[in-house]
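Novice: One structure, pasted below without further comment.
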Amino acid sequence: MLNRLSLKSTALILALAVPISGQAFETAATSAYVLDQTTGTVLLEKQADIPLPPASMSKLMTLNMLFEALKDGRVTMETRFPVSSKAKAMGGSTMFLNERDRPTVEELILGIIVQSGNDACVVVAEGLAGSEATFAAQMTTRAKALGMNDSSFANASGWPHPGQRMSMHDLGVLAERLINEFPEYYPFFAQTEFPFDGRSPDNRFNRNPLLKLGIGADGLKTGHTQEAGYGLVGSAKQGSRRVTFVISGLTSEKARAEEAERVVSWAFRQFVEKTVAKGNTQIATAPVWMGNETTVGLVAAGDAILLVPALSHGDLKAEVRYKSPLQAPISKGQEIATLVIALEGMQDAEIPLVADRDITRGGFLPRLKAAAQVLFKQVTSEAQAAE
């Protein structure tokens, strides 16, 4: 039987009695995804799961493939790749590479991030997979393995193609991965200038409009084609919080810059962190069946922090749910219940609760007592039914 224990009158709820009210954010982007990465809270979704032309934002997947190759030792930062005639012939934003060049992996990373080099992407694709077509197929397969089910790739650069599609949600997942899985390479995204060999004086600056604003922005990648409009995968850190966001479909560079700054400001100003449960502090107790003790304490394994709107008009409500009675034996740290936090206007949060101690199976007397209780309940039910 599922037991629901309301905590409305406990000290925990008094600590949680903060107002909540979320003010909807209206974005000019045609599609958007905003994540508070610290707590895993999705703050905004707008057509976030629709596969769309990602333009140069898909270069993040090319970088992911290259970072994975670095991490498993297939290449190093000093590895040099040849430049094919196909790479040299790429249009759009480039590093102005030619067939005589042998750029290092580090130069190619900066060429992709700062200069958005389409030629650099082809060099990486051919250097890792032999051909861009093979590399694009590998990108698609890898994306599916990472849970990016609304992504497919026809090339390494984001050059317009019907087969080049990503959802804003997938781009957000990818951004979060680049930040968390490759901390040694992530600082490259904050570099504002890369004058490769002095060849591209007009293309040496990072296009990310947030990097110089002093708002904690440190990545990731802009994108633009006529079909996709202007987009940006961005991330910023202020204090202990990090926000990652994706916007697409803006009408100009100016509109993209303004909307990106609005998103960052809204995400940090309109939400605050609240500790809803301290780790290893007892939240409730639950009855135990056939154990050497009749109850067990329920605790959070670690501090549980939720993100809630800063301006609000209601209370957080909490409820502990578990299947009653719990069956012995129970191990300390075993997940046996859930703390459900109801947030007005937001999805309920579920926090796992674990046992605060070991409960072994009881001896003969506890088992006899339990059997007697079962028999008593059965007899009582039959008597009531007879009446």
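The values are calculated or read from the model by the stated rules, or taken from the named source; none is laboratory data. Given the structure is predicted, the values throughout are model-derived calculations rather than measurements. Here Cβ is always computed from backbone atoms with ideal geometry, including for glycine, and neighbour counts include all displayed protein chains. SASA here: full protein model, heavy atoms, side chains in, ligands and nucleic acids out. Shrake-Rupley method; radii C 1.70, N 1.55, O 1.52, S 1.80 Å.
Novice: Within the range 99-111, take every residue that is open to solvent by less than 30 Å² (accessible area, probe 1.4 Å) and in a loop (DSSP other than H, G, I, E, B) and give me the one that is nearest to Asp218 (Cα to Cα).
Specialist: So in the range 99-111, the residues open to solvent by less than 30 Å² (accessible area, probe 1.4 Å) come out as 101, 103-105, 108-111.
Narrowing further to those that are in a loop (DSSP other than H, G, I, E, B): 101, 103.
Values: Asp101: 30, Pro103: 25 Å.
Here the residue is Pro103.
Novice: Continuing with the same structure: Count, please, the residues in the range 28-81 that happen to be over 19 Å from Val123 (Cβ atoms) and not in a strand (DSSP E or B).
Specialist: Of the residues in that region, 19 qualify.
Novice: Let me ask something else about it. Given the criteria open to solvent by less than 60 Å² (accessible area, probe 1.4 Å) and of a type outside the set (Phe, Trp, Tyr), does Leu298 qualify?
Specialist: Yes, satisfied.
Novice: Among what's in the range 29-73 and is of a type in the set (S, T, N, Q) and within 30 Å of Ala304 (Cβ to Cβ), pick the residue that is modelled with the highest pLDDT.
Specialist: By that ranking, first place goes to Gln37.
Novice: Given the condition open to solvent by less than 30 Å² (accessible area, probe 1.4 Å), closer than 16 Å to Asn155 by Cβ and touching a residue at least 24 places away in the same chain (Cβ under 8 Å), answer yes or no: does some residue in the range 65-81 qualify?
Specialist: Yes, that holds for at least one residue.
Novice: In addition: If Asp119 passes every condition in (1) within 30 Å of Arg242 (Cα to Cα); (2) crowded, with 23+ Cβ neighbours inside 10 Å but one, which one does it miss?
Specialist: Going through (1) within 30 Å of Arg242 (Cα to Cα); (2) crowded, with 23+ Cβ neighbours inside 10 Å one by one, Asp119 breaks only (1).
Novice: Would you check if there is a residue in the range 258-272 being within 22 Å of Val114 (Cα to Cα) and in contact with a Pro (Cβ under 7 Å, 6 or more places away or on another chain)?
Specialist: Looking for residues that are within 22 Å of Val114 (Cα to Cα) and in contact with a Pro (Cβ under 7 Å, 6 or more places away or on another chain), one finds at least one in the range 258-272, hence yes.
Novice: When residues of the range 195-211 are filtered for being modelled with pLDDT under 95, out of contact with any strand residue (DSSP E or B) (no Cβ under 7 Å at 6 or more places or on another chain) and open to solvent by 30 Å² or more (accessible area, probe 1.4 Å), how many remain?
Specialist: Total meeting the criteria: 6.
Residues are listed down the side, and each one gets a yes or a no for (1) open to solvent by less than 60 Å² (accessible area, probe 1.4 Å); (2) at pLDDT 95 or above; (3) within 30 Å of Ala228 (Cα to Cα):
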{"position": "Arg256", "(1), (2), (3)": "yes, yes, yes"}
{"position": "Trp266", "(1), (2), (3)": "yes, yes, yes"}
{"position": "Val288", "(1), (2), (3)": "yes, no, no"}
{"position": "Gly302", "(1), (2), (3)": "yes, no, no"}
{"position": "Ile305", "(1), (2), (3)": "no, no, no"}
{"position": "Pro309", "(1), (2), (3)": "yes, no, no"}
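Novice: Restricting to strands (runs of 3 or more DSSP E) lying wholly in the range 255-302: which have 3 or more residues that are aliphatic (A, V, I, L, M) and within 21 Å of Arg241 (Cα to Cα)?
Specialist: Of the strands (runs of 3 or more DSSP E) lying wholly inside the range 255-302, those with at least 3 residues that are aliphatic (A, V, I, L, M) and within 21 Å of Arg241 (Cα to Cα) span 271-277.
Novice: Out of the residues in the range 215-254 that are outside any strand (DSSP E or B) and at positive phi, state the one that is least open to solvent (accessible area, probe 1.4 Å). Spell out the reasoning first.
Specialist: Quick first cut of the range 215-254, residues outside any strand (DSSP E or B) only: 215-216, 226-228, 239-240, 251-254.
Next, from what is left, pick out any that are at positive phi: 216, 239.
Numbers: Gly216: 32, Gly239: 71 Å².
Of everything passing the filter in the range 215-254, Gly216 is least open to solvent (accessible area, probe 1.4 Å).
Novice: Whether any residue in the range 149-172 is open to solvent by 20 Å² or more (accessible area, probe 1.4 Å) and under 20 Å from Arg241 (Cβ atoms) is what I want to check.
Specialist: The answer is no, given that none of the residues of the range 149-172 is open to solvent by 20 Å² or more (accessible area, probe 1.4 Å) and under 20 Å from Arg241 (Cβ atoms).
Novice: Give me the helices (runs of 4 or more DSSP H) completely within the range 112-205, filtered to those with at least 1 residues that are farther than 30 Å from Asp101 by Cα, ordered by residue number.
Specialist: Where helices (runs of 4 or more DSSP H) fall fully within the range 112-205 and carry at least 1 residues being farther than 30 Å from Asp101 by Cα, they are 132-145, 168-181.
Novice: Something else about it: Looking at the range 214-244, which of its residues are of a type in the set (Ser, Thr, Tyr) and farther than 25 Å from Leu52 by Cβ? Before you say what the answer is, go through the steps one by one.
Specialist: Within the range 214-244, the first condition is being of a type in the set (Ser, Thr, Tyr), and the residues that meet it are 222, 225, 230, 235, 240, 244.
If the condition is that a residue be of a type in the set (Ser, Thr, Tyr) and farther than 25 Å from Leu52 by Cβ, then Ser240 is the only one that fits.
Novice: Still on this structure, I have one more. Restricting attention to the range 204-246, report how many residues are of a type outside the set (Asp, Glu) and over 18 Å from Ala257 (Cβ atoms).
Specialist: Selection size over the range 204-246: 8.
Novice: Here's something else I'd like to know. For the range 132-148, which positions are surrounded by fewer than 19 Cβ atoms within 10 Å (Cβ to Cβ), of a type outside the set (A, V, I, L, M) and in contact (Cβ under 8 Å) with a residue 24 or more places away in the chain?
Specialist: Gln138, Arg142, Gly147
Novice: Which of the residues that make up the range 311-347 are under 17 Å from Thr275 (Cβ atoms), open to solvent by 50 Å² or more (accessible area, probe 1.4 Å) and modelled with pLDDT of 80 or more?
Specialist: Scanning the range 311-347 gives a single hit, Lys317.
Novice: Hey, can you tell me all the residues within the range 92-139 that are among the small types (Gly, Ala, Ser) and over 28 Å from the mean Cα position of the chain (by Cα)?
Specialist: Residues of the range 92-139 that are among the small types (Gly, Ala, Ser), as a first pass: 92-93, 111, 116-117, 120, 125, 127, 129-131, 133, 136-137.
Hits for the range 92-139 are Gly92, Ser93, Gly127, Ala129, Gly130, Ser131, Ala133.
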